[in-house]
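The values are calculated or read from the model by the stated rules, or taken from the named source; none is laboratory data. Everything quoted here is computed from the prediction, not taken from an experiment. Using ideal geometry, Cβ is built from the backbone for each residue, glycine included, and neighbour counts are taken over all protein chains shown.
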Amino acid sequence: MKTVISLRNEQTRQLPEELRNDDVRYTDTLVEFFLNQFTAEGEVVFDPFMGFGTTLVVAERMDRVGFGVEFDEKRWKYSQSLLKHPERALNGDSTKLSQIELPQIDFSITSPPYMGKHHKENPFTAYTTDGNGYQDYLLQMQDLYLQLSHKLKPSALVVVEVSNLKHEGEGITTLAWDIASCLSTLAPAPPDDKAPSREPTRVP
C-alpha cells in the first residue's frame, strides 16, 4: 500500500496583493492527485473551508462539480472571480453546515483553519472573534463533520489536510493528531460487502 506521495509545492496563481500576506493555500497538484484517485467526471466535490478557491478551480478544470463555503468575504469574492460557476462558491459559516443547501457529495477535501492550543481567536470566524479554547475548537470540528456526514453519499470519501504546529517558545500543538482522533469517532464500521458502485452526480 502506498503511504507516501511526492508532489511539487508550487502555486499556479498569484493572489491579489491585498491577500498575499495570508497565503495558506494547498497546491493544485494536491487536489488533482486526490480527484484523479477517488472521483470521476460529473461527481460533486466539496470544500467546507474554501479559502482562495483552489479545490473548486481544480474541480472545474477536471470536469467535476465543485462546491465550497468560505466565511471571509474577501476570500469568497476572490474565489468567485476564478470560477465558471461562481454560484457554487458560497459565503457562510461551515459550523452551521446543516443549514446550507448542497447536493449530495461524492468527495470532500479541505485544509481547515488552524488553531494552536494557546490561541484565543476563533478560527471559524476567520480569527475575527474570540474563541472558547482549543478543546472547543476540536469539538466544533467534530460537529461540523457530523453535519457533513449527512450530506455525503454512502460511498463518499473525505480528506482533511492538516499539520501539527510548532510554536516558538510555546511547544507543539499536535493539531493533525488531535483532529484525526476526534474525526475518527465519526467513521462508520467497515462494510461486510463491497461498497456500492459510485455513479456520478450530474449537476447543471
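Points worth noting:
- The set of residues in region 113-134 that are of a type in the set (Lys, Arg) and under 17 Å from ASN91 (Cβ atoms) is empty.
- Residue ID - nearest to the chain's Cα centre (by Cα), chosen from residues in region 118-133 that are without any contact (Cβ under 8 Å) to a residue 40 or more places away in the chain and not in a loop (DSSP other than H, G, I, E, B): PRO123
- Residue identified as surrounded by fewer than 18 Cβ atoms within 10 Å (Cβ to Cβ), closer than 27 Å to TYR134 by Cα and among the β-branched types (Val, Ile, Thr) among VAL69, VAL24: VAL24
- Filtering region 134-162 to residues that are among the polar types (S, T, N, Q) and without any contact (Cβ under 8 Å) to a residue 24 or more places away in the chain leaves only GLN135.
- Residue list for region 21-50, restricted to those being closer than 20 Å to VAL69 by Cα and not in a loop (DSSP other than H, G, I, E, B): ASP22, ASP28, LEU30, VAL31, GLU32, PHE34, LEU35, VAL44, VAL45, PHE46, ASP47
- Within region 139-191, the set of residues being under 28 Å from GLU43 (Cα atoms), in contact with a strand residue (DSSP E or B) (Cβ under 6 Å, 6 or more places away or on another chain) and part of a strand (DSSP E or B) comprises LEU152, LYS153, ALA156, LEU157, VAL158, VAL159.
- Among residues of region 19-36 being modelled with pLDDT of 80 or more and among the acidic types (Asp, Glu), the one that is nearest to MET50 (Cα to Cα) is ASP28.
- The C-beta contact set for region 1-24 (first residue over 15 Å from TRP76 (Cα atoms), second residue outside any loop (DSSP other than H, G, I, E, B) and modelled with pLDDT under 80, distance under 8 angstrom, 6+ apart or interchain) comprises GLN14/ARG20.
Listed here are the residues, each with its yes/no results for (1) part of a helix (DSSP H, G or I); (2) small (Gly, Ala, Ser).
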| site | (1), (2) |
| --- | --- |
| PHE52 | no, no |
| LEU56 | yes, no |
| GLY68 | no, yes |
| ARG75 | yes, no |
| TYR78 | yes, no |
| SER98 | yes, yes |
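- Residue among LEU152, LEU138 that is among the hydrophobic types (A, V, I, L, M, F, W, C), surrounded by 15 or more Cβ atoms within 10 Å (Cβ to Cβ), over 20 Å from PHE52 (Cα atoms) and touching a Cys at 6+ places or on another chain (Cβ under 9 Å): LEU138
- Residue in region 102-117 that is in a helix (DSSP H, G or I), at pLDDT 95 or above and either touching a Gly at 6+ places or on another chain (Cβ under 6 Å) or within 22 Å of GLU170 (Cα to Cα) (or both) present: no
For every residue, the table says whether it meets (1) in contact with a strand residue (DSSP E or B) (Cβ under 8 Å, 6 or more places away or on another chain); (2) surrounded by 21 or more Cβ atoms within 10 Å (Cβ to Cβ).
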site	(1), (2)
ASP28	no, no
PHE38	yes, no
PHE46	yes, yes
ASP63	no, no
ARG75	no, yes
PRO86	no, no
GLN104	yes, no
GLU121	yes, no
ALA126	no, no
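- Selection status of THR55, among the hydroxyl-bearing types (Ser, Thr, Tyr), touching a helix residue (DSSP H, G or I) at 6+ places or on another chain (Cβ under 8 Å) and either within 22 Å of GLN147 (Cα to Cα) or at pLDDT 95 or above (or both): yes
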